[in-house]
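The values are calculated or read from the model by the stated rules, or taken from the named source; none is laboratory data. Fair warning: this is a prediction, and the values are worked out from it, not measured in the lab. Heads up, the Cβs are rebuilt from the backbone with ideal geometry, glycines too, and the neighbour counts pull from every protein chain shown.
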Amino acid sequence: MVFRRPSAEEPPPLAILAYHEVTDRSSALVPDYSVDPTTFVRHIDWLLNNGYHFVTVDQVMAARAGRASLPHRPVLLTFDDGYTSVYEHAWPILRMLGIPAVIAVVTRWQEESSTVDFGGKPVPRKHFMTWEQLREMQATGMVEIASHSHDLHRGILGNPGGSMQAAATTRLYDSGRDQYESESAYRVRIDSDLRRANKIIRQRVGKSPRVMVWPYGRFNGTAAEVAAAAGMTIGLTLDDGANDASVPPFGLRRILIESKTNIGELRYQLRVRASGATENDRAQKVAHVDLDYIYDSDPAQFKRNLNHLVDRLTWLGVNTVYLQAFADPDANGSASETYFSNRHLPVRANVFGQVAWEIRTRTPVKRVYAWMPLLAWELPEKHPVAGHTVVALAGASQASVSMAYKRLTPFSADARKVILEIFEDLARYNSFEGMIFHDDITLSDHEDASPEALAQYRG
């Protein structure tokens, strides 16, 4: 990768580091995300000796509001989950060197007296800081207590396949009623949780949180609106890329520090983000997965197919997957069914979310993209918009028509609304990193002669 050096006119990009436990792997609750105390000291020493400046939330907010500028090579330290090891091993170093930090707590865990339900298993409450320790650190003015939610740091049922997905961004699937949580119910659930966490933090440490650290680094527009209404305009994710001016304050990106993050890796990650690069700029090994070949109406065969897919992606070392979200049973190039719940097309099987989750959690794949048509939707015959299709000029030869697909015309407002709602439903009920589009958008010189298009031309 070629690193781009920011120009002198550009404001310095803010780097945010996301630590968890600061302890040996042998005593960590999640060893892969723990950093031993010696490595933590080396990180701090290297940052100080290489021109990085530790900043506070106040400085970040002032810079975001245009009231001040951040120093050269600014770094914000954050610690998720409120582990006692941070108080024991990181806090003495930070206090001695005057380094500010953000500590995000899950208030349900904080309020427990003996054991904590941690990822579905009980762990001793002693693994997490006490409110007294948090008040002590906050009183110095160096530590900002952030919300990590009250009870959203867990998985909830996200689809018929049984995937347990991030509670903050997943619409709860009710298997008994075979339906998803409504948008209004989802908003109420998130609002209730965040406000409960804020109330507890305010009662326990005397200040309401200004920062929302999204559980698992994931958020969406609704969650961001709810957090802002609760007074938390700064949101921290685990998204990749630099924190330039285009990144909204509720979606600031962080570098996840892992047990394998040595000085060389830390330096590399900081340079990548300072250059403005993201995962899309890094080398990608891509697999294009056609769900028509994976899905089977026999649950046992579908499971075998899915396991084979997971094995192959792992053996091939794939890091990016383009996953088909639509079904084309008659292979005519147009989507007549989907693999996700939606308002307009028959659902062949609601398995897109399950397969995406299996790929992301059981293979080295970091990014799953939904592969979708843009216009090539073949609606049911009785659908009121089924006839709003692209039409070739009379007498046009097949060779002069750009595509043989049956496509909805982009000149119809009703067709555009249907397409938008299909995409809304995909995004609402499924978790994925991005989208790629089918090759169905081009119109030739002999298209479109539909009534809607002709009306547009006359206008």
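Output the residue which, of all residues in the range 417-454 that are of a type in the set (Val, Ile, Thr) and surrounded by 14 or more Cβ atoms within 10 Å (Cβ to Cβ), is farthest from residue 350 (Cα to Cα).
Per the stated criteria, the residue is 441.
Among what's in the range 160-172 and is closer than 20 Å to residue 347 by Cα and touching a residue at least 60 places away in the same chain (Cβ under 8 Å), pick the residue that is surrounded by the fewest Cβ atoms within 10 Å (Cβ to Cβ).
Out of the qualifying residues, it is 162.
How about the range 209-223: which of its residues are touching a strand residue (DSSP E or B) at 6+ places or on another chain (Cβ under 9 Å) and not basic (Lys, Arg)?
209, 211, 212, 213, 214, 215, 216, 217, 219, 223 - these are the residues of the range 209-223 that are touching a strand residue (DSSP E or B) at 6+ places or on another chain (Cβ under 9 Å) and not basic (Lys, Arg).
Residue 71 versus (1) surrounded by fewer than 18 Cβ atoms within 10 Å (Cβ to Cβ); (2) closer than 18 Å to residue 214 by Cβ: which is the lone unmet condition?
(2)
Name the residue that is farthest from residue 216 (Cα to Cα), counting only residues in the range 81-133 that are in a loop (DSSP other than H, G, I, E, B) and more than 24 Å from the chain's Cα centre (by Cα).
If we take residues in the range 81-133 being in a loop (DSSP other than H, G, I, E, B) and more than 24 Å from the chain's Cα centre (by Cα), then 98 is farthest from residue 216 (Cα to Cα).
Within the range 298-317, identify whether any single residue is of a type in the set (Asp, Glu), free of Cβ contacts under 8 Å to residues at least 40 places away in the same chain, buried (at least 18 other Cβ atoms within 10 Å of the Cβ) and farther than 18 Å from residue 164 by Cα, and answer yes or no.
Within the range 298-317 (the criterion being of a type in the set (Asp, Glu), free of Cβ contacts under 8 Å to residues at least 40 places away in the same chain, buried (at least 18 other Cβ atoms within 10 Å of the Cβ) and farther than 18 Å from residue 164 by Cα), the answer is no, since none of the residues qualifies.
So how many residues does the range 181-209 have that are within 21 Å of residue 109 (Cβ to Cβ) and under 21 Å from the mean Cα position of the chain (by Cα)?
5
Give me the residue from the range 318-345 that is of a type in the set (A, V, I, L, M, F, W, C) and assigned to a loop (DSSP other than H, G, I, E, B) and, out of that set, surrounded by the fewest Cβ atoms within 10 Å (Cβ to Cβ).
Per the stated criteria, the residue is 331.
Please go through the range 132-149 and pick out each residue that is touching an Asp or Glu at 6+ places or on another chain (Cβ under 9 Å) and surrounded by fewer than 21 Cβ atoms within 10 Å (Cβ to Cβ).
138
Residue by residue through the range 47-60, note down the ones that are among the hydrophobic types (A, V, I, L, M, F, W, C) and either at pLDDT below 95 or surrounded by 15 or more Cβ atoms within 10 Å (Cβ to Cβ) (or both).
If the condition is that a residue be among the hydrophobic types (A, V, I, L, M, F, W, C) and either at pLDDT below 95 or surrounded by 15 or more Cβ atoms within 10 Å (Cβ to Cβ) (or both), then 47, 54, 55, 57, 60 are the ones that fit.
With the condition kept exactly as written, say whether any residue in the range 10-29 is closer than 24 Å to residue 282 by Cβ, out of contact with any strand residue (DSSP E or B) (no Cβ under 7 Å at 6 or more places or on another chain) and either crowded, with 22+ Cβ neighbours inside 10 Å or at pLDDT 95 or above (or both).
No, the range 10-29 contains no residue that is closer than 24 Å to residue 282 by Cβ, out of contact with any strand residue (DSSP E or B) (no Cβ under 7 Å at 6 or more places or on another chain) and either crowded, with 22+ Cβ neighbours inside 10 Å or at pLDDT 95 or above (or both).
How many residues does the range 137-160 hold that are part of a loop (DSSP other than H, G, I, E, B) and more than 13 Å from residue 100 (Cβ to Cβ)?
Within the range 137-160, residues that are part of a loop (DSSP other than H, G, I, E, B) and more than 13 Å from residue 100 (Cβ to Cβ) number 10.
Sort out which residues of the range 272-313 are in a helix (DSSP H, G or I) and charged (D, E, K, R), and write them in order of number.
273, 279, 281, 292, 303, 304, 311, 312
Quick check: anything in the range 362-378 more than 30 Å from residue 294 (Cβ to Cβ), acidic (Asp, Glu) and assigned to a loop (DSSP other than H, G, I, E, B)?
No, there is no match, as no residue in the range 362-378 is more than 30 Å from residue 294 (Cβ to Cβ), acidic (Asp, Glu) and assigned to a loop (DSSP other than H, G, I, E, B).
Please go through the range 238-271 and give me each residue that is buried (at least 17 other Cβ atoms within 10 Å of the Cβ), among the aliphatic types (A, V, I, L, M) and assigned to a loop (DSSP other than H, G, I, E, B), ordered by number.
242, 247, 257
Residues to consider are 68, 62; find the one that is within 19 Å of residue 144 (Cβ to Cβ) and part of a helix (DSSP H, G or I).
It is 62.
I'd like to know if the range 399-407 contains one or more residues that are modelled with pLDDT of 85 or more and out of contact with any Cys (no Cβ under 9 Å at 6 or more places or on another chain).
Checked the range 399-407: at least one residue is modelled with pLDDT of 85 or more and out of contact with any Cys (no Cβ under 9 Å at 6 or more places or on another chain).
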